[in-house]
Amino acid sequence: MGYMNQILSSPQRLMQSDGVEMSSFQELINSRRSVYKFTDEPVSQEIIQAALQAASNAPSHKHTHPWKFYFLGEATRKRLIPTISKLAKVKSAKLQSTTVEADSERAISKITKPPLLIAVSSKKSPNDKFREKEDYAATVCALHNMVLSLWANGVGAQWSTGGITRDQETYQILSIDSSTEEIIGFLKAGYPAKVRHVNKKPVDEIVAYLD
Ligand SMILES: Cc1cc2nc3c(=O)[nH]c(=O)nc-3n(C[C@H](O)[C@H](O)[C@H](O)COP(=O)(O)O)c2cc1C
């Protein structure tokens with residue numbers, strides 16, 4: 001069998017309740033949800049490598065491969081705590097919160113708790129804004145390839161663009177040069193403790209067929 005035939009025949013076919021035949025890949029895409037609560041079970045290096053492989057196979061115009069994935073270990077996460085506390089205090093004051101200490105603890109745990117915490121960066125092109133926009137799009141493709149690969153192995157993930165992902169102190173702590181790379185977010189990942197249901201727009205509301 002030729003290589004292409006192997007690829008085309010590889011997805012396992014499933015029969016949906018409405019009688020529409022769906023590939024298991026289609027099922028995988030449709031079932032993915034952002035996961036916010038994780039168990040403590042570690043994610044294996046094999047699953048991480050597969051996710052990185054999936055990310056590196058994302059499309060990029062002119063083969064720029066603008067993405068980079070920084071896995072944040074315990075020591076790096078600890079170094080982020082003063083910045084997280086600073087940002088949490090500003091947010092609490094803005095919301096006139098009466099639980100400032102608890103707000104800060106919650107914000108810290110969002111960074112220290114996930115089994116995997118990955119900062120995703122995209123290459124900047126200050127002199128070519130169109131290239132930078134295309135590279136951002138490519139990095140999002142790579143990020144989502146990674147999310148889908150993890151999901152295929154039972155691992156949930158959530159993309160976060162909270163203040164900590166954008167603060168200049170974060171760039172310093174992670175040794176990322178903000179003039180050449182933009183952190184487009186943090187990916188938190190681990191085995192799901194809970195998966196939410198999310199209502200999506202019906203397909204007929206997001207499509208227009210033009211003649
Ligand atoms: C660019 C981007 C940034 C996001 N940032 C956050 C975030 O900072 N905090 C958060 O709770 N969820 C964040 N999310 C996750 C969305 O809230 C989530 O995708 C949405 O609720 C839909 O749920 P689903 O991913 O399960 O379909 C982000 C998603 C995207 C695409």
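The values are calculated or read from the model by the stated rules, or taken from the named source; none is laboratory data. In this text the structure is predicted, and so the values were computed from the model without any measurement. Note: ideal-geometry Cβ built from the backbone for every residue, glycine included; neighbour counts use all protein chains shown.
Among the numbered criteria (1) surrounded by 11 or more Cβ atoms within 10 Å (Cβ to Cβ); (2) away from the ligand (no atom under 16 Å from the Cβ); (3) in contact (Cβ under 8 Å) with a residue 12 or more places away in the chain; (4) assigned to a loop (DSSP other than H, G, I, E, B), which one does E134 miss? E134 satisfies every listed condition except (4). Number of residues in the range 166-180 that are away from the ligand (no atom under 14 Å from the Cβ) and free of Cβ contacts under 8 Å to residues at least 60 places away in the same chain: the value is 8.
Kindly evaluate I108 against the criterion of being β-branched (V, I, T) and crowded, with 17+ Cβ neighbours inside 10 Å. Considered against the rule, which asks whether it is β-branched (V, I, T) and crowded, with 17+ Cβ neighbours inside 10 Å, I108 comes out as yes.
Among the residues of the range 101-129, those identified as touching a helix residue (DSSP H, G or I) at 6+ places or on another chain (Cβ under 6 Å) and part of a strand (DSSP E or B) are V120, S122, K123. The set of residues in the range 181-211 that are surrounded by 10 or more Cβ atoms within 10 Å (Cβ to Cβ) and either among the small types (G, A, S) or away from the ligand (no atom under 14 Å from the Cβ) (or both) comprises E181, G185, A189, G190, Y191, A193. Would you please name the residue that is farthest from P114 (Cα to Cα), looking only at residues in the range 30-47 that are touching a residue at least 60 places away in the same chain (Cβ under 8 Å) and more than 16 Å from the ligand (Cβ to nearest atom)? Applying the filter and picking the extreme gives I47.
A single member of A51, A88 is part of a helix (DSSP H, G or I), crowded, with 16+ Cβ neighbours inside 10 Å and within 21 Å of the chain's Cα centre (by Cα), and it is A51.
Among the residues of the range 143-165, write down those that are under 24 Å from E132 (Cβ atoms) and more than 10 Å from the ligand (Cβ to nearest atom). The answer is N145, M146. The set of residues in the range 152-188 that are assigned to a helix (DSSP H, G or I) and not acidic (D, E) comprises A152, G163, I164, T165, Q168, T170, Y171, Q172, I173. For beta carbons closer than 8 Å, sequence separation of 6+ or different chains, a first residue in the range 111-125 that is over 16 Å from V147 (Cβ atoms) and a second that is at pLDDT below 95 and buried (at least 22 other Cβ atoms within 10 Å of the Cβ), there are no qualifying pairs.
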